[in-house]
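The values are calculated or read from the model by the stated rules, or taken from the named source; none is laboratory data. Quick caveat, the model's predicted, so the values are computed rather than measured. Note that each Cβ is placed from the backbone with ideal geometry, even for glycine, and that neighbours are counted across all protein chains shown.
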Amino acid sequence: MMTLNCIAVDDEPLALGLVCRFIEQTPFLNLAGRYSGAVDALKALHQQKIDLIFLDIQMPDLNGIELARVLDKGPDKPRIIFTTAYNQFALEGYKVDALDYLLKPFNYEEFLRASQKALNYAELINKPAMLTPLAAEAGHTDNEYLFLKVEYQLVRIALDDILYIEGLKDYVKVHLKGMEKAVLSLTSLKALEEKLPSKRFMRVHRSFIVSLEQVTSMTKNSLQIGKMNIAVGDQYKEAFGQFLGRWI
């Protein structure tokens, strides 16, 4: 079992002490620091590799949401579990890609469940043997999967199951074979477009990416996937026309 290097950040001494005790009694967590403010925590994050932060939200100077926004956004960024007494911050926590949200007062069972989620996430993204360099560059595995953040968990989706992807401002809806309800993920259509293999998926509209394998019929201005008719946007018509030419 891998070990997660973590820190706790809370301006309330009793709350900070409780989280630290919970960390110390959890075998796969290593307490690398405890801080009463986000500014001190930010300095520490620049000095050592941290995998997980147990982070309070309501703090003076720099609050937890603000700290989460300024953290490195790369794949090695520390993951966040918010610890707060205010449930109105749940959506904000989701928007900054938090792994989980513990509402005070919480017990060890709830803490352990959230920590286990962080461990599962870390083990999932730290399996280099599953990826070839080409697959890693394309954003999927040899088994042709895409990993999406759905609510507070990482979900594996087979590329073969994707019909089309719909962009909705800050979210995307991934429509899948055999599923009436689409998978909703807090990401952008552009970010997904960069991960998907261009030979299999095409952006045909500012709000749609389609699986070329699932197209059942098309004209120069639209295409059909099952019962869904999708218009081709003006800026995408040239690339789509080249694809259409291969059908004729």
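Residues of segment 108-126 include none that is more than 30 Å from Glu194 (Cα to Cα), at pLDDT 85 or above and not in a helix (DSSP H, G or I).
Residues in segment 1-24 that are within 11 Å of Ala41 (Cβ to Cβ) and surrounded by fewer than 15 Cβ atoms within 10 Å (Cβ to Cβ): there are none.
Residue check: is Lys77 out of contact with any helix residue (DSSP H, G or I) (no Cβ under 9 Å at 6 or more places or on another chain), more than 20 Å from Tyr101 (Cα to Cα) and assigned to a loop (DSSP other than H, G, I, E, B)? So Lys77 fails the test. Per the listing Leu184, Leu163, the residue uniquely within 30 Å of Ser115 (Cβ to Cβ) and either outside any loop (DSSP other than H, G, I, E, B) or touching a strand residue (DSSP E or B) at 6+ places or on another chain (Cβ under 6 Å) (or both) is Leu184. Would a scan of segment 45-62 turn up a residue that is crowded, with 19+ Cβ neighbours inside 10 Å, among the β-branched types (Val, Ile, Thr) and at pLDDT 90 or above? Yes; the residues of segment 45-62 include at least one that is crowded, with 19+ Cβ neighbours inside 10 Å, among the β-branched types (Val, Ile, Thr) and at pLDDT 90 or above. The residue that is farthest from Leu99 (Cα to Cα), counting only those in segment 146-160 that are outside any strand (DSSP E or B) and either of a type in the set (Ser, Thr, Tyr) or touching a strand residue (DSSP E or B) at 6+ places or on another chain (Cβ under 7 Å) (or both), is Leu159. The listed residues are Val210, Val215, Val204, and the only one of them that is without any contact (Cβ under 8 Å) to a residue 12 or more places away in the chain, surrounded by 12 or more Cβ atoms within 10 Å (Cβ to Cβ) and of a type in the set (A, V, I, L, M, F, W, C) turns out to be Val215. Note on segment 188-231: enclosed strands (runs of 3 or more DSSP E) holding 3 or more residues that are of a type in the set (A, V, I, L, M) and at pLDDT 90 or above are 228-231.
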